[in-house]
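Some notes on the structure that comes next.
The values are calculated or read from the model by the stated rules, or taken from the named source; none is laboratory data. Fair warning: this is a prediction, and the values are worked out from it, not measured in the lab. Cβ sites come from the backbone with ideal geometry, for glycine too, and all protein chains shown count toward neighbours.
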Amino acid sequence: MWAHSMTVQDYQDLIDRGWRRSGKYVYKPIMNQTCCPQYTIRCQALRFQTSKSHKKVLKKMLKFISKGDVSKVVSEEEPMDSHIEDVVPSDFAYKSESQVSQTELTPLNEDHAEGAENEDKDNVETNVKKVESGSLQIPVDKDAAGPGEPSHSSKTVHAPPKPGKGADLSKPPCRKAKDIRKERKLQKLLQNQMGTLEGSPLQAGHQALLSQNSKTPTNQPKSIEDFIFVSLPDDAPHKLEVRVVRSSPPSSQFKATFQESYQVYKRYQMVIHKDPPDKPTINQFTRFLCDSPLEAENPPNGPECGYGSFHQQYWLDGKIIAVGVIDILPYCVSSVYLYYDPDYSFLSLGVYSALREIAFTRKLHEKAPDLCFYYMGFYIHSCPKMRYKGQYRPSDLLCPETYVWTPIEQCLPLLELSKYSRFNQDTKAVDEGRIKDLGRVRVLHKRTIMPYSVYKKRRKGPSDEASVQQYASLVGQTCSERMLLFRS
């Protein structure tokens with residue numbers, strides 16, 4: 001769909017039915033037809049716990065800022081370019097409304113080219129425009145070659161480990177260094193206070209106290225905030241600041257930093273994605289990561305920055321080193337893309353920014369209680385490089401048939417058996433948001449808003465019911481009655 005304008009609630013409901021946006025282009029994979037099924041994934045931000053590899057990244061950033069320590073050791077568990085990068089700019093041909101040819105406005109189901117049945121049927125494309133209180137869409141056609149089958153990494157065969165001698169029973173069992181330090185500290189404290197207590201009845205009590213203290217209490221796991229918002233020394237060599245600026249409509253801060261932000265994007269595309277220098281143009285950058293169909297909303301009970309599309313800029317020592325493109329929606333922060341200065345790849349900015357966005361979601365929740373999820377785009381189990389999103393736990397995947405959320409732990413065994421799977425195990429369950437009354441779909445025709453039942457009677461020429469039915473079934477009854485489907 002080409003979305004000219006859309007409310008944040010419209011888009012929230014669409015991504016909860018498997019849709020996603022790239023600029024103003026909104027798309028949905030047909031899961032049982034595409035070669036690599038893409039499941040919408042969300043992290044339960046309020047319950048999120050950092051993993052060992054996440055802590056490594058957070059500590060690495062903390063050491064760099066506070067001490068200037070540059071550690072270039074990358075964890076094996078950490079993907080090279082780990083973040084929400086489902087769609088690269090070259091994936092879709094961007095066209096303005098005036099550039100869409102009449103042949104592209106033919107219904108999607110119509111075979112108008114030889115071998116059309118072998119072309120990409122994964123995305124339904126419609127053109128969408130906000131008129132008065134609705135959003136509006138125009139069905140268009142686009143032929144795109146489907147991506148190749150994912151590569152399968154071969155299994156490495158390791159030699160069996162050599163037999164060891166086992167533990168030396170003549171030596172005392174190993175103890176944790178921190179337990180030994182605690183015990184020494186307490187011992188010293190007691191000696192300073194009481195003097196030497198050898199032979200006194202108090203000695204036994206002190207020995208018991210030492211023994212009791214050497215048992216380490218259960219430590220509470222550190223939260224993301226404990227790593228991110230820790231106080232830094234006054235002489236810290238670096239300063240990191242994260243600024244949230246509205247990208248659509250562009251705020252004054254966004255305009256003031258546009259050129260610097262674009263230069264970071266251009267370098268990122270050329271170094272990380274090997275784009276030629278003439279490909280990451282300003283127009284392409286704007287269409288891909290700055291333009292958005294989402295209308296800005298600032299309700300009194302919402303987050304301070306409001307809802308809509310934003311750039312989260314990472315400023316290190318007065319310059320931008322990374323930008324996270326995000327949408328703030330009624331129930332979630334949806335990550336769109338991340339780009340960064342390749343010179344700072346050693347900081348694992350993909351993972352770090354994802355963790356910062358989870359922390360940001362938790363912060364927004366304080367003012368907007370309904371906003372408690374972090375949407376990471378698509379999880380692609382059939383592509384090993386795209387499985388890293390499943391490491392942000394607890395997380396859920398969206399059932400492609402009933403659109404209910406299912407814990408990822410329940411989904412993974414099913415995906416091991418088949419790359420396409422229905423996650424809802426209730427065989428009687430159906431899509432509750434399915435289209436029930438096609439006649440109530442809202443249509444914009446000749447500058448007039450009308451239900452499809454009225455438009456159908458007025459329309460001249462061949463019936464377009466099949467494409468309207470397809471559109472309505474994919475967006476659902478609720479959105480089809482709020483958004484405006486443009487019909488020429």
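Miscellaneous remarks
- Contacts under 9 angstrom Cβ, first residue in segment 261-278 being more than 13 Å from A322 (Cβ to Cβ), partner in a helix (DSSP H, G or I) and modelled with pLDDT under 95, 6 or more apart: Q269/P89; H273/P89; H273/S90; D275/P89; D275/S90
- Some residue of segment 322-331 being closer than 20 Å to M270 by Cβ, modelled with pLDDT of 95 or more and β-branched (V, I, T): yes
- Sole exception among (1) at pLDDT below 95; (2) buried (at least 22 other Cβ atoms within 10 Å of the Cβ); (3) within 27 Å of R482 (Cα to Cα) for Y25, by number: (1)
- Count of segment 400-429 residues which are surrounded by 12 or more Cβ atoms within 10 Å (Cβ to Cβ), more than 21 Å from the chain's Cα centre (by Cα) and of a type in the set (A, V, I, L, M): 2
- Residues being small (G, A, S), within 13 Å of the chain's Cα centre (by Cα) and more than 21 Å from G302 (Cα to Cα) - total across segment 325-363: 3
- Some residue of segment 60-69 being touching a helix residue (DSSP H, G or I) at 6+ places or on another chain (Cβ under 9 Å), surrounded by fewer than 20 Cβ atoms within 10 Å (Cβ to Cβ) and assigned to a loop (DSSP other than H, G, I, E, B): yes
- Of the listed requirements (1) surrounded by 13 or more Cβ atoms within 10 Å (Cβ to Cβ); (2) outside any strand (DSSP E or B), P276 misses just one: (1).
- Residue count, segment 448-479 (criterion: on the phi > 0 side of the Ramachandran plot and free of Cβ contacts under 8 Å to residues at least 24 places away in the same chain): 1
- Residue satisfying all of: in segment 297-325; over 11 Å from V242 (Cβ atoms) and touching a His at 6+ places or on another chain (Cβ under 8 Å); surrounded by the fewest Cβ atoms within 10 Å (Cβ to Cβ) among these: D317
- Filtering segment 244-265 to residues that are closer than 16 Å to D341 by Cβ and under 22 Å from the mean Cα position of the chain (by Cα) leaves S261, Y262, V264, Y265.
- Scope segment 1-56; condition closer than 30 Å to E416 by Cβ, part of a loop (DSSP other than H, G, I, E, B) and in contact with a helix residue (DSSP H, G or I) (Cβ under 7 Å, 6 or more places away or on another chain); matching residues: R17, K28, F48, T50, S51
- Residues (touching a residue at least 60 places away in the same chain (Cβ under 8 Å), more than 26 Å from Y340 (Cα to Cα) and surrounded by fewer than 22 Cβ atoms within 10 Å (Cβ to Cβ)) located in segment 354-371: H365, K367, A368
- Residue check, L397 assigned to a strand (DSSP E or B), touching a Cys at 6+ places or on another chain (Cβ under 9 Å) and within 29 Å of Q44 (Cα to Cα): yes
- Among the candidates Y337, Y379, Y344, residue that is surrounded by fewer than 24 Cβ atoms within 10 Å (Cβ to Cβ), of a type in the set (F, W, Y) and touching a helix residue (DSSP H, G or I) at 6+ places or on another chain (Cβ under 7 Å): Y337
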